[in-house]
Structures are given as structure tokens and as C-alpha cells.
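First the structure, in the form of C-alpha cells, and then the observations on it.
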Amino acid sequence: MITIDKKSGVPLHEQIEKKLRELIARPEYMKDGKMLPTETELSKKLEVSRTTIRQAITSLVNDGLLIRRKGSGTKVSTNGIEGVGRKWKSFSQEMKSLGINIKNFELHLLWEVPPKNVAAFFKIDSTTPVLTLQRLRGSHSGPFVFFISYFNPKLCLTGNENFNRPLYDVLQEECGCIVSTSHEKISAVNADNLLSKKLKVDLNTALLKRVREVYDINKMPIEYNIGLYRSDKFTYSISFS
């Protein structure tokens with residue numbers, strides 16, 4: 001039986017994810033790909049919301065440990081941990097896994113009409129303003145990435161949210177949105193006047209540009225993110241399995 005401690009400082013979804021990992025590691029689960037209890041059953045047993053249960057399960061699905069099929073439930077993957085190399089992580093999660101403490105050097109919120117490709121991604125009228133978040137981020141040694149995030153108006157963000165907190169925690173708690181998938185494009189660009197000043201590099205220095213198209217668990221596009229990284233401070237590594 002899974003149990004959690006609601007008085008603990010550890011977030012509930014993290015406790016549940018840890019307990020589920022322990023559960024599905026048992027031979028009776030791994031051997032035949034046993035079905036998990038439903039989200040509703042787990043929600044009632046643990047007395048937490050289905051959203052919390054779903055967040056824990058989604059993390060295990062992304063790790064390749066669980067398989068979720070509409071109409072048939074969630075079962076343990078007989079391939080085990082092999083899917084972990086394909087897991088997508090947020091920037092904060094990436095840095096946390098590397099032991100790097102991230103800080104915001106600048107944070108700006110504005111409502112603006114997005115580029116046409118962003119409007120097309122959200123499937124909205126090209127004249128519709130969207131909430132845009134600009135963040136200059138880095139470590140104790142200084143800034144090394146400038147982010148621009150455009151958010152789907154369907155999220156109903158107001159701009160009054162505390163974006164000093166982890167972004168996807170904000171989206172989950174304020175909008176009930178659980179991030180699931182990211183499609184990425186990598187390219188190189190030269191630093192213009194604005195970026196050279198923000199990232200403290202010479203004009204026309206080569207930067208790494210990473211574009212992320214982010215979707216929630218219902219496949220709704222929720223964020224179009226552009227990251228511009230100092231190439232001397234950040235290396236993008238890809239593993240194939």
C-alpha cells in the first residue's frame with residue numbers, strides 16, 4: 001500500500017512518484033507489465049487531487065517506466081528504464097541535475113502581439129496579444145542564457161503570477177496545466193547589440209539558439225520558448241538509445 005506524509009516539506013507529487021517507482025520495481029509488476037490502480041483509485045486512497053496523481057504518473061511515463069493508453073489504463077513497461085534517455089527536462093531540471101543553482105538577473109512580463117509563427121503554433125489570430133516572459137538567467141558567475149517565453153492565451157494567465165518560481169510549477173498550480181512534451185530546434189546565431197549587453201559577450205559572438213515548442217498532457221500547445229545561450233558556457237548534449 002502506498003502512503004505519503006502530508007506534513008512533509010516534500011511536494012506530494014514527488015512523494016507519490018517515489019513510491020510508485022518503488023512499487024513498479026517489484027518483480028510482480030516488472031515481469032508481466034502489471035496494470036496500476038487508476039488515477040481515481042489512487043486519488044481516493046491517498047486523499048489527494050487527481051492532478052497530483054497525474055503529475056507523478058506523467059513523470060514515470062516520460063521516463064519510459066509506465067505506458068498510458070486511453071481507455072485501457074496505465075501499465076508497467078516491460079522495457080524498464082530504457083526510455084529514460086528520451087526524457088525531456090525543463091531548464092531548471094537540467095540545471096538541478098548538474099548541481100547548478102540558477103538565479104534570475106532580469107525578469108520582465110509584457111503583453112504583445114507575437115511573431116506570426118508563434119501565433120500559428122497556438123492557432124490564434126496573428127493580432128492577438130499574448131503574455132510574454134523575458135528572463136536573463138545564469139549562475140553565481142553571471143548570466144549565460146536569455147529566454148523569451150510566449151504563452152497560449154487559453155492558459156488564462158494574468159501576468160500577476162510569481163514567475164520567480166519554477167515556470168511549470170506556476171502553470172500547474174495557476175492553470176491546472178501539466179507539461180508533457182517538448183519539440184526542439186537547435187541553431188546558431190550571432191549576438192546583436194541587445195544580446196551582447198545582456199550576456200556580456202562581444203558583438204556578433206556566436207550563440208546557441210534553442211527553440212522549444214511545449215505541449216501539455218492533452219497535446220495542447222502551451223509555450224513557445226526561445227533560449228539564447230552563451231556558447232562558451234553551455235553545451236547541448238544528445239544521447240541516442
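Nearest 10 degrees is fine. How inclined is helix 50-62 to the longest principal axis of the chain, computing both from alpha carbons?
Tilt of helix 50-62: around 80 degrees.
Between the helical axis of 12-24 and the dominant principal axis of the chain, each derived from Cα atoms, what acute angle in degrees is found, rounded to the nearest 10?
50
Setting aside same-chain residues fewer than 8 positions from LYS96, which lysines have a Cα under 25 Å from its Cα?
Excluding near neighbours in sequence, the set is LYS6, LYS7, LYS18, LYS19, LYS87, LYS185, LYS198, LYS200, LYS209, LYS233.
At HIS108 and CYS156, where each label point lies 7 Å from the Cα along Cα→Cβ, what is the point-to-point distance in nanometres?
Here the modelled spin labels are 3.0 nm apart.
Take each of the peptides 179-186, 147-154, average the number of other beta-carbon atoms within 10 Å over its residues, and list them starting from the highest.
Numbers: 179-186: 14.2, 147-154: 19.9.
Highest-to-lowest ranking by the protection proxy: 147-154, 179-186.
Where does each of 225-235, 197-207, 99-109 land if you order them by average Cβ count within 10 Å, highest first?
So the peptides 225-235, 197-207, 99-109, ranked by packing, come out 225-235, 197-207, 99-109.
Enumerate cysteines in the chain without a disulfide-compatible partner, where compatibility requires another Cys Cβ under 4.7 angstrom.
CYS156
Can you tell me the order of 110-123, 44-57 when each peptide is scored by its average per-residue count of other Cβ atoms within 10 angstrom, highest first? Intermediate results must be reported in sequence, preceding the final value.
Numbers: 110-123: 14.5, 44-57: 17.9.
The packing order, highest mean first, is 44-57, 110-123.
Every number in this text was worked out from the coordinates using simple rules, so none of it is lab data. Because the structure is a prediction, the values reported are computed rather than measured. Neighbour counts are summed over all protein chains in view; Cβ atoms, including those assigned to glycine, are modelled from backbone coordinates with ideal geometry.
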